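Worksheet: the structure to be examined is printed underneath.
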Amino acid sequence: MSWHLATLKNGKPTLVDFSKVMYICDASKGGTAIHFQMAVENSTGKQATKTLTVREPVAAFLKVLKGRAFL
């Protein structure tokens with residue numbers, strides 16, 4: 001497991017298990033959208049990937065993930 005500390009949009013800290021992350025991308029309102037490898041039912045009843053939006057930019061996660069590649 002690869003846990004990393006992030007900050008939610010409401011300012012609360014959270015731990016993200018990057019072994020379950022499918023991909024990350026820039027969020028439309030700033031920060032990063034983290035998409036997980038699990039499907040959940042959205043408000044319209046359709047299956048969608050679980051997404052978490054955090055304040056940190058994508059570059060912050062890239063530094064951490066690149067660093068882990070050398071361990």
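The values are calculated or read from the model by the stated rules, or taken from the named source; none is laboratory data. As the structure is a computational prediction, the values presented were derived from the model and not from experiment. Please note: Cβ atoms are built from the backbone with ideal geometry, for glycine as well, and neighbour counts cover all protein chains shown. The protein model used for the area step is the full one, side chains on, heavy atoms only, and it has no ligands, DNA or RNA in it. Shrake-Rupley method; radii C 1.70, N 1.55, O 1.52, S 1.80 Å.
Couple of notes before you dig in:
- Taking residues in segment 30-42 that are without any contact (Cβ under 8 Å) to a residue 60 or more places away in the chain, and partners anywhere that are assigned to a loop (DSSP other than H, G, I, E, B), the pairs with Cβ atoms closer than 6 Å and at least 6 places apart or on different chains are Gly31/Arg55; Thr32/Glu56; Ala33/Ala27.
- Selection from segment 43-56 of residues that are part of a loop (DSSP other than H, G, I, E, B) and under 15 Å from Pro13 (Cα atoms): Arg55, Glu56
- Restricting segment 13-51 to residues that are at pLDDT 90 or above and among the aromatic types (Phe, Trp, Tyr), the residue that is nearest to Val64 (Cα to Cα) is Tyr23.
- Test: residue in segment 10-23 that is touching a residue at least 12 places away in the same chain (Cβ under 8 Å), open to solvent by less than 100 Å² (accessible area, probe 1.4 Å), aromatic (Phe, Trp, Tyr) and not in a helix (DSSP H, G or I): no
- Residue list for segment 24-41, filter: under 16 Å from Arg55 (Cα atoms), surrounded by fewer than 16 Cβ atoms within 10 Å (Cβ to Cβ) and either touching a Leu at 6+ places or on another chain (Cβ under 7 Å) or acidic (Asp, Glu) (or both): Asp26
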